[in-house]
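The values are calculated or read from the model by the stated rules, or taken from the named source; none is laboratory data. Note that the coordinates shown come from a computational prediction; the quantities given were computed from them, not determined experimentally. Because the Cβ atoms are built from the backbone with ideal geometry, glycine has one as well, and the counts that use them run over all protein chains shown.
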Amino acid sequence: MAEIQPENMKGTTLDIAAENRARLKQLFPTVFTETRNDKGELTESIDFEKLKAELGTFSDLFESRRERYGMEWPGKKEALHLIQTLSSATLKPCRQESVNFDTTENLFIEGDNLEVLKLLQTSYYGKVKMIYIDPPYNTGKEFIYPDNFSESLETYLEYAGLIDGDGKKFSTNTANEGRFHTKWLNMMYPRLYLARNLLREDGVIFISIDDNEVSNLRKLCDEIFGEENFLADIAWEKRYTRSNNSKTFASLVEHILCYRKSELLAEIKEPRNEKSDSIYSNPDNDPRGVWTSVSYVNPASKEQRPNLYYGIENPYSGIVVWHPTNAWKYEKSTYETHKAGDKLYWGKNGENTYPRLKKFLSEMDGGMVPVNFWSYDDTGSTDEGSKDLDGLMGGKVFDFPKPHGLMQRMAKIVANQSQDIILDFFAGSATTAHAVLDLNKQDNGNRKFILVQLPEPCAPESEAFKAGYKTIADIGKERIRRVINKLNTEEEGKLDLDNAGKQDRGFKVLKLDKSNFRQWQKLEPSASTEQILDQLMLHIDHIDAKATPEELLYEILLKAGFTLTGSIETKTITGKELFSVSDGALLLCLEESVTKELIDAVIDLNPQQFLCLDSAFHGNDQLKANAVQTFNAHNMQKEKHNQILFKTV
């Protein structure tokens with residue numbers, strides 16, 4: 001009888017190409033067929049002629065032509081391949097740098113954002129409501145990138161000083177090549193592609209950018225998010241005084257491109273504020289409250305809209321008014337409703353030639369339609385961003401930070417629910433975290449943030465380095481700590497602390513690192529006996545001896561599809577210590593041995609998943625086979641949502 005094996009947990013990130021093929025197969029199962037590859041092995045492949053027929057494009061006149069509408073650049077194919085390259089890395093928890101580690105749902109992740117975005121795919125796919133990024137602008141010197149994208153994890157580990165290496169590093173884009181767009185596009189394309197996966201179907205991304213790359217970024221986003229999902233190119237007034245250092249035009253605005261994930265987000269509104277409400281008054285003492293008015297005259301002529309051309313009686317004079325050239329905005333039946341509802345304003349004593357329609361503030365529950373020009377009055381300027389950060393940190397530690405009011409305006413528009421997740425994977429000085437924490441205090445919300453920042457070294461001559469900050473990531477973490485202390489201090493002594501107590505004022509620090517599980521490497525046919533033996537040893541002891549139980553736990557959470565912020569508690573079951581995650585949805589045993597009694601007890605608890613070490617069976621194939629049979633028997637008696645997934649690591 002063949003040996004029965006539990007499913008092994010994958011040690012790598014989500015296989016995006018495989019996921020895309022699976023979705024395609026659900027839509028068009030008939031286009032998949034079996035062929036033999038170069039080695040004569042049977043493999044599943046796609047019959048593209050059948051697919052074209054299914055899509056109705058088999059007679060497309062342009063199919064055989066070389067010309068295509070789209071954006072191309074050198075390296076695009078390699079960038080796409082990079083998206084599909086799996087990562088075996090992990091995120092290791094760092095309690096000593098965190099605040100309220102065990103209870104917080106906010107994350108600060110230190111590492112290369114490309115690797116981190118890959119790692120987040122399984123746990124956070126389709127869960128992020130809003131993304132804001134302020135990526136490096138392509139001015140010829142600001143942005144850094146790995147020299148070898150195909151070895152991004154190893155490159156990062158050497159760059160961050162986590163392993164000894166042979167000189168791999170992240171290099172600064174030089175002035176000679178900075179004006180060429182290729183490297184910037186190769187850096188942005190895979191990150192935006194992976195970021196889209198993390199958005200909810202009603203999610204939105206905001207991207208700050210300057211004039212150098214805005215046209216390329218717009219085309220890039222049209223390709224990744226879909227041209228139909230473009231929402232706005234917002235002009236943000238970053239400063240209000242011109243610089244005479246410029247030899248041509250002084251730049252007072254920056255672009256913020258805004259895209260949605262899908263058409264599921266059909267409408268967005270901006271909350272009303274004191275400035276927008278200031279136009280409302282009540283000159284006629286209307287019992288319905290303050291109001292403003294809008295013109296009743298249609299821009300269209302009476303010839304263009306004859307159905308909207310009719311006489312309107314002035315109730316004060318009794319005169320029937322016809323506009324000499326234009327139609328009205330509303331049909332006559334709607335006008336009659338407005339008239340009956342006393343919503344037409346003719347002036348205090350009926351002196352207006354034409355009526356205006358009253359709009360009451362009490363009717364404006366849906367907020368306001370946002371506009372694509374954001375003034376510094378409403379969102380803050382770069383000067384304000386610098387002033388706030390300098391005051392908080394006790395000196396200048398970061399150049400040109402964005403004002404946190406800018407991110408708050410975005411969040412108010414699209415992330416207005418208490419549990420919405422906001423992601424920033426070019427975190428810089430952590431302005432986004434500052435914005436989220438402060439906004440939660442303002443409106444008693446409980447939005448969550450995920451920040452990702454490369455530990456880019458601060459220059460030895462910089463004020464930040466002199467103040468004790470070795471990396472940009474260090475600045476961001478300290479800023480969040482100080483914001484939390486400031487908010488807590490401001491509320492000390494107040495009588496009502498109930499709402500503040502419910503807010504999440506903490507953050508969990510995680511750091512990108514190599515896996516705690518030694519990875520099986522694919523060997524070439526010419527591999528030596530020593531190499532084969534080294535790989536075989538991984539089956540005996542594949543866990544890093546230096547790895548702590550908590551580090552193993554977080555890697556398993558990441559790769560088993562659980563968020564990194566769910567509740568975690570330890571339970572003792574039949575004498576074995578287990579981690580219970582998300583109120584028992586996952587039970588994880590890292591003990592060196594398991595027993596039949598433990599398996600039976602886990603069955604009774606009915607978690608969604610049970611994971612244990614493969615080595616815990618000590619080569620006892622009978623015990624392993626019995627465990628699999630026990631879980632299978634349980635699952636056969638249960639509905640799908642009550643079945644238990646059994647995996648080993």
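Couple of notes before you dig in:
- For residue 345, the criteria (1) of a type outside the set (Asp, Glu); (2) within 44 Å of the chain's Cα centre (by Cα); (3) under 26 Å from residue 283 (Cβ atoms) hold in every case but one, which is (2).
- Residues satisfying the criterion are absent from segment 235-255 (criterion: of a type in the set (A, V, I, L, M), under 23 Å from residue 423 (Cβ atoms) and assigned by TED's automatic domain parsing to the domain that holds residue 400).
- Boolean, residue 352 is surrounded by 12 or more Cβ atoms within 10 Å (Cβ to Cβ) and farther than 30 Å from residue 415 by Cβ: yes
- Of all the listed residues (610, 562, 631), the sole one being part of a loop (DSSP other than H, G, I, E, B) and among the hydrophobic types (A, V, I, L, M, F, W, C) is 562.
- Qualifying positions in segment 279-296 - within 41 Å of the chain's Cα centre (by Cα), surrounded by fewer than 14 Cβ atoms within 10 Å (Cβ to Cβ) and part of a loop (DSSP other than H, G, I, E, B): 279
- Candidates 399, 438, 443, 388: the one that is farther than 21 Å from residue 256 by Cβ, in the same structural domain as residue 107 (by TED's automatic domain parsing), of a type in the set (Asp, Glu) and free of Cβ contacts under 8 Å to residues at least 60 places away in the same chain is 443.
- Unique match (being surrounded by fewer than 17 Cβ atoms within 10 Å (Cβ to Cβ), hydroxyl-bearing (Ser, Thr, Tyr) and either in contact with a Gly (Cβ under 7 Å, 6 or more places away or on another chain) or not assigned by TED's automatic domain parsing to the domain that holds residue 103 (or both)) among 429, 418: 418
- Some residue of segment 428-436 being assigned to a helix (DSSP H, G or I) and closer than 21 Å to residue 96 by Cα: yes
- The one condition in (1) more than 28 Å from residue 252 (Cα to Cα); (2) out of contact with any helix residue (DSSP H, G or I) (no Cβ under 8 Å at 6 or more places or on another chain); (3) surrounded by fewer than 20 Cβ atoms within 10 Å (Cβ to Cβ) that residue 440 fails to fulfil: (3)
- Residue 278 small (Gly, Ala, Ser) and outside the structural domain of residue 133 (by TED's automatic domain parsing): yes
- Where strands (runs of 3 or more DSSP E) fall wholly inside segment 1-114, no range has 3 or more residues that are at pLDDT 75 or above, among the aromatic types (Phe, Trp, Tyr) and not assigned by TED's automatic domain parsing to the domain that holds residue 483.
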